[in-house]
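> Got a structure for you, questions after.
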Amino acid sequence: MAYSSKVVNRFEDVLKNPEKHGVGRFDPKDPNVVTGLAGAPACGDVMKLDLKLDPVTDQILDVKFKTYGCGSAIASSTMFVEMLKGKTLEEAKLIKDKEIADALELPPIKLHCSVLAEETIHKAIKDWEDKTAHRRHNNPPKDDDVPDGRWNWYGINE
Ligand code: FES
């Protein structure tokens, strides 16, 4: 099995310049950072995806990753980082592993390496949903947060 030149070039470039490709992590205490972790049972490889989000628009402002895996998994991770930047979570949800695999010309035996990337975004979105639900629970809107008259409109102040 031969890797495509796209995989080889990407993998070698990550080794030379990991920051350019988003290798790393964000401060886990940042409330606008979410994480998705996924493993490939077939080979034991693991990918961790960190997203920095705009809390108002759900837009992905920046992306970082750490992957323990083969060259295809590393190349898939960097491709996924590029695909995710600037998208909303709804848009990111629509990116399929096949798009990553096609972009890198992964051979059939390596298709599962791109599945890892797709799984991490679903885990990260779940993390965001949990965090926002937790925030809403602990910080219900105050009168000042609500547009004029909205409480009255719903009859809450009546
Ligand atoms: Fe496991 Fe590529 S061989 S992710």
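> Quick one: which helices (runs of 4 or more DSSP H) sit completely within segment 44-133 and have at least 3 residues that are within 16 Å of the ligand (Cβ to nearest atom)?
Helices (runs of 4 or more DSSP H) meeting the threshold: 71-84, 97-104.
> Restricting attention to segment 1-47, which residues are more than 23 Å from residue 92 (Cβ to Cβ) and touching a His at 6+ places or on another chain (Cβ under 8 Å)?
Residues satisfying the conditions are 13, 42, 43.
> Taking segment 3-43 on its own, how many of its residues are crowded, with 17+ Cβ neighbours inside 10 Å, assigned to a loop (DSSP other than H, G, I, E, B) and away from the ligand (no atom under 16 Å from the Cβ)? It would help to see each step written out before you state the result.
Step one: list which residues in segment 3-43 are crowded, with 17+ Cβ neighbours inside 10 Å, which gives 3, 7, 10-11, 14, 21-23, 33-36, 38, 40.
Those left that are additionally assigned to a loop (DSSP other than H, G, I, E, B): 3, 22, 40.
Still in the running and away from the ligand (no atom under 16 Å from the Cβ): 22.
Here the count works out to 1.
> Also: Is at least one residue of segment 17-24 of a type outside the set (Lys, Arg), over 18 Å from the mean Cα position of the chain (by Cα) and more than 22 Å from residue 119 (Cβ to Cβ)? Even if it seems obvious, please write down each step before you answer.
Within segment 17-24, the subset of a type outside the set (Lys, Arg) is 17-19, 21-24.
Narrowing further to those that are over 18 Å from the mean Cα position of the chain (by Cα): 17.
From what is left, the residues that are more than 22 Å from residue 119 (Cβ to Cβ) are 17.
Yes; the residues of segment 17-24 include at least one that is of a type outside the set (Lys, Arg), over 18 Å from the mean Cα position of the chain (by Cα) and more than 22 Å from residue 119 (Cβ to Cβ).
> What number goes with the only condition from (1) touching a Pro at 6+ places or on another chain (Cβ under 8 Å); (2) within 14 Å of residue 11 (Cα to Cα) that residue 67 does not pass?
(1)
> Here is a follow-up. Can you pull out the residues in segment 96-134 that are modelled with pLDDT under 90, closer than 20 Å to residue 35 by Cβ and exposed (fewer than 12 other Cβ atoms within 10 Å of the Cβ)?
Listed by number, the residues that qualify are 133, 134.
The values are calculated or read from the model by the stated rules, or taken from the named source; none is laboratory data. For clarity, every value in this text was computed on a predicted model and none was experimentally measured. For neighbour counting, all protein chains shown are included, and Cβ atoms are generated from backbone atoms with ideal geometry for every residue, glycine included.
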